[in-house]
Each structure stands twice: as C-alpha cells, then as structure tokens.
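Peer 1: Once you've had a glance at the structure underneath, I'll fire off some questions.
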Amino acid sequence: MTGVIVRSLSGFYDVDCQGALLRCRGRGRLRYQKAKPLVGDRVSVTRINAEEGALDEILPRLNSFDRPAVANLEQLVIVASGAIPVTDPFLIDRLTALAEKKRCKAVLVWNKWDLSPATELAELYRGAGFPVVCCSAATGQGMEQLREILSGKVSALTGNTGVGKSSILNALAPQFRLPTGEVSAKLGRGRHTTRHVELYRLPGDVLIADTPGFASFEEQREPCDDPAELAECFPDFRPYLDGCAFVDCAHVKERGCRLLEAVQAGKVSESRHKSYVRLYQQAKENYRPWENRSR
C-alpha cells in the first residue's frame, strides 16, 4: 500500500495511508541505498499490524528541501506581517525565488492585517503574479480564502519567526491547539515554537506543514547555485529576459537590457529587481561550478 510520511522522529516514520496511520521503520535496503525518507515523501509500505508497518520504497519526488527536511511541496505559503515583526520584502523575494527553483508555487499571506494593513506591498506582489491573501489569525479574516487555496495541495508555511504561522494553523483547525509564542517588543521577533516538521491533515483534503521560522528554511543556500539561472526564478521577469543587447546579459546594470528598461518603465517592481541584484551578487560570490558538477 502507499501513503505519505506525515511525521519523522528518531528513525520512525508515521505514514498516512488514506486515513490509516501506520508507524513504520525503513527497510535495510533503504540504508544500503543511502535513501533518507523525508516528511512529505510518497512511500510504499507493508502493513505489519493495525498500527505498524515497514517502509519499503520512496516513490519519485517532485522536489525536496534540506532545511527543513521535507519533500513534495506543491505550495510554499510565505507568511508575512506589516506589524511586529515587520517582514523585509527581500526575504519574501528570496523565498519566492527558491519556490520557483523547486517547482513549487509561492503564495503570499499577509497576517495581522487587523493591526497593520500592508496594502502597498500586497498590491506589489499581486502585480508580480502571486496569489495574495490578506488575513488575520486573530479575527478570522481571510481564513476561508486561504483554505480554498490550500485545498487539495501539499503546502508548507514559512516566514519570519513571530508572524503567526502556528496561529494561522490554529485558526484553520482549532483542534490542533499548536503552541504559539509572544513577540518580543525589544527584539521585534517571536520565540521559536515549532521544533520539528510535521504534516497536518485539515478538512478539505489539505496537507500542510508548520515549519521552524525563516532562519532555518534553507538558510545556508541561495535560490540558485548558478547566478545565470536566477532571473528565471522571478516569473514576473520572464517576459523581458530575451532580446537584450548582450546574449549573456546579467540583467543587473548592462546597456540594452530589456529587464532594466521594464523596471524604468514601471512594468517590473524596482523593489523586486533590487532583491534580484542582491541575490545575484551573493550567488556570484559563492558560485563554485567545479563543486556543483559533482552534486
């Protein structure tokens, strides 16, 4: 039978098999193959009894992430806030680029809308083509719209610590009663309350992961190893990536760059382009093609 790993802990894997939850250990051949099961993996299992099984095989993945260790995400739900803590747009742009590279749809959720509406930023990302939900976990605003976006998908919540990821999950499914942390007025950020990755099944065929805060989400990696591939990770840039004066245009400051012309004409967000330039420079500094070939 097949199922999805919804929790991993100390060498055991909880596998959801169409509603039946089996606690499994991996077969020895998985260790021989150096195959590490991840939360979100679709797997083949053999039932041993009503509560236990053996994990036989990891089925082909759509994608996988190192930090947090999760696989087969269809949507990365980026939770942001205009209130304490205020989310830096650069972090959003970095995560949307990462999602695009991983073949994962990015959804922007602006929480704490009742405290500080981030109207200008919400419109900026709508204009860039991303689904945007303006919500409040405290009042329930926007929760039904978010539930519709999540329906039938495997998604993960991420964002700065303290923006209210666990609060949103509690609003969507109060029975979970996930712990939430107070936001430090001195530091402007919250305490970590999520210690491991776990997929939660919500009504409406929803599987969603609550992940540790932004600092641990692929923190050591840029969206692209190769800086030449980075512009493709900004979907709003794509109409302007061909036809530049130079074939190898980096879209940073070159003459005859169609993307720069689009920025100057207001067709592409200047803020998004600044984030791209920053990410491009970081990727260029860290690019090691001789290392990447061996991966």
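The values are calculated or read from the model by the stated rules, or taken from the named source; none is laboratory data. Note that the structure is predicted; figures quoted are calculated from it, not measured. When we count neighbours, we look across all protein chains shown, and the Cβ atoms used for this are built from the backbone with ideal geometry, even at glycine. The area values use the complete protein model at the heavy-atom level, side chains included, leaving out ligands, DNA and RNA. Shrake-Rupley method; radii C 1.70, N 1.55, O 1.52, S 1.80 Å.
Peer 1: As an exercise: evaluate Val45 against (1) touching a residue at least 24 places away in the same chain (Cβ under 8 Å); (2) within 30 Å of Pro223 (Cβ to Cβ); (3) not small (Gly, Ala, Ser) and give the number of the one condition it does not meet.
Peer 2: Of (1) touching a residue at least 24 places away in the same chain (Cβ under 8 Å); (2) within 30 Å of Pro223 (Cβ to Cβ); (3) not small (Gly, Ala, Ser), only one is false for Val45: (2).
Peer 1: Same structure, new question: Residue pairs, Cβ under 7 Å, 6 or more apart or interchain, first in the range 237-260 and without any contact (Cβ under 8 Å) to a residue 12 or more places away in the chain and under 18 Å from Leu279 (Cα atoms), second open to solvent by 80 Å² or more (accessible area, probe 1.4 Å) and of a type outside the set (Val, Ile, Thr). List them.
Peer 2: Close Cβ pairs (under 7 Å, with a partner that is open to solvent by 80 Å² or more (accessible area, probe 1.4 Å) and of a type outside the set (Val, Ile, Thr)) amount to Arg238/Glu232; Glu254/Phe246.
Peer 1: Report yes if Phe176 is at pLDDT 95 or above, aromatic (Phe, Trp, Tyr) and over 12 Å from the mean Cα position of the chain (by Cα), otherwise no.
Peer 2: The answer is no for Phe176.
Peer 1: Would you pick out the residues in the range 1-54 that are part of a strand (DSSP E or B), open to solvent by 30 Å² or more (accessible area, probe 1.4 Å), of a type in the set (D, E, K, R) and under 18 Å from Arg201 (Cβ atoms)?
Peer 2: Within the range 1-54, Arg7, Arg23, Arg42 qualify.
Peer 1: Tell me whether the range 78-97 contains one or more residues that are modelled with pLDDT under 90, under 16 Å from the mean Cα position of the chain (by Cα), outside any strand (DSSP E or B) and acidic (Asp, Glu).
Peer 2: no
Peer 1: Next question, about the same structure. Return yes or no: is Arg272 of a type in the set (D, E, K, R), open to solvent by less than 10 Å² (accessible area, probe 1.4 Å) and modelled with pLDDT of 90 or more?
Peer 2: The answer is yes for Arg272.
Peer 1: Of all residues in the range 55-99, count the ones that are more than 30 Å from Gly28 (Cβ to Cβ), buried (at least 19 other Cβ atoms within 10 Å of the Cβ) and of a type in the set (Val, Ile, Thr).
Peer 2: 6
Peer 1: Can you tell me which residue within the range 205-237, out of those that are more than 20 Å from Ile78 (Cβ to Cβ) and open to solvent by 50 Å² or more (accessible area, probe 1.4 Å), is modelled with the lowest pLDDT?
Peer 2: That would be Asp225.
Peer 1: Name the pairs: first residue in the range 7-28 and on the phi > 0 side of the Ramachandran plot, second residue in a strand (DSSP E or B) and basic (Lys, Arg), Cβ to Cβ under 7 Å, at least 6 apart or on different chains?
Peer 2: Pairs found: Gly11/Arg25.
Peer 1: Report, by residue number, each residue of the range 236-267 that is at negative phi and either of a type in the set (Val, Ile, Thr) or in contact with a helix residue (DSSP H, G or I) (Cβ under 6 Å, 6 or more places away or on another chain) (or both).
Peer 2: Phe237, Tyr240, Leu241, Cys244, Val247, Val252, Arg258, Leu259, Ala262, Val263
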